[in-house]
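Heads up, the thing below is written out as structure tokens.
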Amino acid sequence: MHSITDTFVFLSVTGALFFVPGFLFLHIFFKKNRIFMPFETFLLSFCISVGIIDFSMIALGKAHIVFTPISLIASIITSLCLAALSVRIVHRSIYPSEETESSLTSNNALGAFSRTQGLLFIILLILTVLIKTIYLSHTVLPTATDLGHHMYWSEIIAETGTLPNYAKQSIVTGDDGHYAISDPEPIADFIIGEHLPFAAIHLFSKADFFSAFPVVFLFFINLLSVFALAVFALRIAADMRQTSLNRSIFTPTNIALATVFFFGPIYSLSSPQAKFVSGGVVGNTFGNLFIPLILLVFYRAFSEKRSGLLTIAFFLTFTLAYTHHLSTLMLLFVLVATALFYLICNKDTLKVSLLHWWKLFKSPAPILFIIGAFTFFFFVAMPTYIETHAVGTALGTPTKSTRTGLTLLQVFSSNGEARVALGLAGAMLIFAASRIRQRYAGAFVLGWGIILFIMTVFPEWLFINIPSNRIGAYLSFPFGILASIATVMLFALFRSSQSAARIPRFLFFIASCTFFVFSSASGSIDNGSTLIAAPKSTETVQTFAASDYLASRISQNDILLKDHIYITADSWIKLFFMRDYSYPFSRGFLKRYSDNPNREQCTLYMISTPNTAKGRKCFEETGTNLIMVNPSYDAAQFEKTDDFSLIYESEYIDIYRRK
Amino acid sequence: MTSNPMRQTPIVIAFLAMFIISSAFLFWQNARELDPNTGKNWWALSFSVLDDDTSLVFRIENHSDLSSFHYEVLVGKKHVRLAEDSFSLNRGETIEIHPNIDQLPDGRVSIIVTSGNEKKEIYR
């Protein structure tokens, strides 16, 4: 009963917070949202709401107004009023004179599925939700390391009602070799937009951070990203029709369906899909929704020459910049590549293209937004990665073997054989069709795919110094869309009366079955390899029980060290104390100490070799007096000595106290 | 396009309906997994007071099917018994025990609790 109430409250709050502001914003900006299909209104309402909530909370925080439901509602209303005011100022540029009933009609025609297609779409969605839910039912338990880190900051925001100071204490070694615990120092690992939405949900619903709400919220974002990819495919496919293709097969709705197939029931678990959800990869999960949606809005802004849409694209990009650095970087590369690709393919009309773009950019709405964004960026708040000058670390010659690019084999295995094979076929087909290549549709999908492929396989060409597998996770999106286009295009080519490649109906049936079996098998193997056997619930509750025991007894003078290697859900322990991001201190993976000898070694010595001179020195100089370990791996070294009392014992957790 | 097109709104509604059901299941599943008593069988032994080395008050948190427990307070390397007793504790209950010891001798003092085939020990 309690969980049903939790679900109801969470869904109500999420619906009110993350749809209503964005929907009203669109309504104010675009006269009853006529230019959008329902899918687009649905997606944009969510993403714009995220932006409104993020910037409202940042503004409140900077104005030293404590976050409460009332202050947040007031700031959201103020944001909407400001949007309405700006619409009055730039009225004409947002509502072009050509805005008529015809755009509504064309939207309806483009987005209307036949009854069969509609049912197929729903079936694919049911399968997608079902498969992901089965996976998440084993991983919804709060054990993921990253999610634990993120929820610490969200809880700080919700508890204090202020913006967090992204800083942490660490063990440092002085010039004289003396160990000490430093004052909190800034960290660049986190970005405010990753935490504000969760804090906002908690403010209104009082949902426990240990409940399913963080995972369910990420799950929702992940599902929306499937919608965003389908809508992107739907829109660009409308700009790709060819006379040589069978018109009843090569339709935008069929390509949207194929896209849902490639991102829904197959390849639905491995990174960057459900695995990112359960792993609490918050920024990437947001980025995977925002990137296709932003590209969709940019695509429509340029192809339809709508400055209002350009403004929305800028707003969403600005929101993404405050949410995830890597996704923002990927997006910027994609946009530059798309622009260059378009200009190269249309070099004969270069001046005309540039003139159109210039006209679009110098419209009042984008200019007003750029001025507002500039003011916010420089005078209200910058993203933490800019403030801490962390951007430079992502650019430059690759420094580690994990950053020098993936092999083609690794690209195939990480993004799915069927998706990559058909994606490459799609890229070649579009590239070969000059009419498509020269359009915005071709430029966007090819620019997206080609630049990410280069960044994944040849990062040194673009001076990208980021782990290649992280970039590779973004590659599945353009390749999935290209695979959808290739699949439908090939079928349309095989059945076109005007095509030399036309094949008999029987062979067409065989080809369809082959495609379906190949894709489904590849995607299902990928799903199967990601499923885990059973949740570690006993280990987790024991970790939490021990943490709760300590939290109710510990004093400010007690310093706790826990093990990260063998304790389940250890990153969530800090939520019981809420003292510092680094509290308790943690013994990390052993490789990290050996790979980086300059890293502090005390956390290693104090658990692995507590009875050595180095271990004792660390205990004495850092004041560490409590150790939490898994007794199956780390009990013997503490039992050997009289320096420690064993004060807590369960199957998976021992707590030692130094005398 | 066929004569009976399906608009996007019903698809969005169908999706939201599926998501609501899925959310309810995940909330229920998480609550169940986090419940220390559901589908689990474990117990924990600890000192009640963290920072007082002279206190032998201890607690047992029982989330197992076991209900009969026995404790012993032993001291030194020879394990001289200072106190012992038996007690019962049901699943989901926590008990705090104050061993009846007049004077604490020198040396490591261990509290050993046994139940069925399981044994746990804490010491200070």
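Applying the criterion of being farther than 12 Å from A:V277 by Cα and within 11 Å of chain B (Cβ to nearest Cβ) to the residues of region A:207-229, the residue that is surrounded by the fewest Cβ atoms within 10 Å (Cβ to Cβ) is A:D208.
Per the listing A:S552, A:S529, the residue uniquely open to solvent by 40 Å² or more (accessible area, probe 1.4 Å) and within 14 Å of chain B (Cβ to nearest Cβ) is A:S552. Scanning region A:437-473 for residues that are open to solvent by 60 Å² or more (accessible area, probe 1.4 Å), of a type outside the set (F, W, Y) and touching a helix residue (DSSP H, G or I) at 6+ places or on another chain (Cβ under 7 Å) turns up A:Q438, A:I450, A:N469, A:R470.
Out of the residues in region B:19-38 that are open to solvent by 30 Å² or more (accessible area, probe 1.4 Å) and within 7 Å of chain A (Cβ to nearest Cβ), which is farthest from A:V129 (Cα to Cα)? Filtering first and then ranking leaves B:P36.
Show the residue pairs that are 6+ apart or on different chains and have beta-carbon atoms under 9 Å apart, the first residue being within region A:172-189 and among the charged types (D, E, K, R), the second being part of a loop (DSSP other than H, G, I, E, B) and surrounded by 14 or more Cβ atoms within 10 Å (Cβ to Cβ). Here the result reads A:D183/A:Q169; A:E185/A:Q169; A:E185/A:S170; A:D189/A:Y166; A:D189/A:A390, each pair linking region A:172-189 to a residue that is part of a loop (DSSP other than H, G, I, E, B) and surrounded by 14 or more Cβ atoms within 10 Å (Cβ to Cβ).
Conditions tested, residue by residue: (1) open to solvent by 70 Å² or more (accessible area, probe 1.4 Å); (2) away from chain B (no Cβ under 14 Å); (3) in contact with an Asp or Glu (Cβ under 7 Å, 6 or more places away or on another chain); (4) more than 20 Å from A:I192 (Cβ to Cβ).
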residue	(1), (2), (3), (4)
A:F18	no, no, no, no
A:G22	no, yes, no, no
A:C47	no, yes, no, no
A:K62	yes, yes, no, no
A:I70	yes, yes, no, yes
A:S79	no, yes, no, no
A:L85	yes, yes, no, yes
A:R88	yes, yes, no, yes
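State whether one or more residues within region B:59-80 are over 30 Å from A:I123 (Cα atoms) and facing another protein chain (nearest Cβ under 7 Å). The answer is yes; a qualifying residue exists. Of all residues in region A:578-607, those that are in contact (Cβ under 8 Å) with a residue 24 or more places away in the chain, out of contact with any strand residue (DSSP E or B) (no Cβ under 8 Å at 6 or more places or on another chain) and in a helix (DSSP H, G or I) total 1.
Residues that are within 14 Å of chain B (Cβ to nearest Cβ) and open to solvent by 30 Å² or more (accessible area, probe 1.4 Å) within region A:613-625 comprise just one, A:G623.
Conditions (1) in contact with a Phe, Trp or Tyr (Cβ under 6 Å, 6 or more places away or on another chain); (2) crowded, with 20+ Cβ neighbours inside 10 Å; (3) not polar (S, T, N, Q), marked per residue:
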{"residue": "A:S154", "(1), (2), (3)": "yes, yes, no"}
{"residue": "A:Q169", "(1), (2), (3)": "no, no, no"}
{"residue": "A:D176", "(1), (2), (3)": "no, no, yes"}
{"residue": "A:I181", "(1), (2), (3)": "no, no, yes"}
{"residue": "A:P184", "(1), (2), (3)": "no, no, yes"}
{"residue": "A:H195", "(1), (2), (3)": "yes, yes, yes"}
{"residue": "A:A200", "(1), (2), (3)": "no, yes, yes"}
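In region A:30-45, how many residues are open to solvent by less than 10 Å² (accessible area, probe 1.4 Å) and part of a helix (DSSP H, G or I)? Qualifying residue count, region A:30-45: 5.
Among residues of region A:474-486 that are farther than 18 Å from A:L326 by Cβ, none has a Cβ under 7 angstrom from a residue that is outside any helix (DSSP H, G or I) and of a type in the set (S, T, Y) at a sequence gap of 6+ or on a separate chain. Quickly run through region A:560-604 and pick out the residues that are of a type in the set (A, V, I, L, M) and surrounded by fewer than 19 Cβ atoms within 10 Å (Cβ to Cβ). Correct list: A:I565, A:M578, A:L590.
Taking the criterion of being more than 25 Å from the chain's Cα centre (by Cα), surrounded by 11 or more Cβ atoms within 10 Å (Cβ to Cβ), within 20 Å of B:D51 (Cα to Cα) and away from chain A (no Cβ under 14 Å), the only residue of region B:81-124 that qualifies is B:I101. Filtering region A:438-451 for residues that are modelled with pLDDT under 90 and under 28 Å from A:W357 (Cα atoms) leaves a non-empty set. Applying a threshold of 9 Å to beta carbon distances and a minimum spacing of six or more residues, or different chains, the list of pairs starting in region A:256-276 at a residue that is farther than 16 Å from A:F516 by Cα and open to solvent by 10 Å² or more (accessible area, probe 1.4 Å) and ending at one that is of a type outside the set (D, E) and assigned to a loop (DSSP other than H, G, I, E, B) reads A:S270/A:G416; A:S271/A:G279; A:S271/A:V281; A:K275/A:L269; A:K275/A:V281. Taking region A:626-659 as the range and being touching a residue at least 60 places away in the same chain (Cβ under 8 Å), of a type outside the set (G, A, S), more than 9 Å from chain B (Cβ to nearest Cβ) and surrounded by fewer than 20 Cβ atoms within 10 Å (Cβ to Cβ) as the test, only A:Y633 passes. Within region A:494-516, if we keep just the residues that are at pLDDT 80 or above and among the β-branched types (V, I, T), the residue that is surrounded by the most Cβ atoms within 10 Å (Cβ to Cβ) turns out to be A:I510. If I filter region A:536-543 for residues that are under 26 Å from A:A167 (Cα atoms), part of a loop (DSSP other than H, G, I, E, B) and modelled with pLDDT under 95, do I get at least one hit? No - not one qualifying residue is present in region A:536-543. Could you go through region A:65-77 and let me know if any residue there is in a loop (DSSP other than H, G, I, E, B) and at pLDDT below 95. No - not one qualifying residue is present in region A:65-77. Within region B:39-57, being in contact (Cβ under 8 Å) with a residue 12 or more places away in the chain and either surrounded by fewer than 19 Cβ atoms within 10 Å (Cβ to Cβ) or under 26 Å from A:I134 (Cβ atoms) (or both) holds for B:K40, B:N41, B:S48, B:D53, B:T54, B:V57.
The values are calculated or read from the model by the stated rules, or taken from the named source; none is laboratory data. What you are looking at is a predicted structure, and each value in this text was computed from that prediction instead of being measured. All Cβ positions, glycine included, derive from the backbone under ideal geometry; neighbour counts span all protein chains shown. Ligands, DNA and RNA are excluded from the accessible area calculation, which covers all protein heavy atoms including side chains. Shrake-Rupley method; radii C 1.70, N 1.55, O 1.52, S 1.80 Å.
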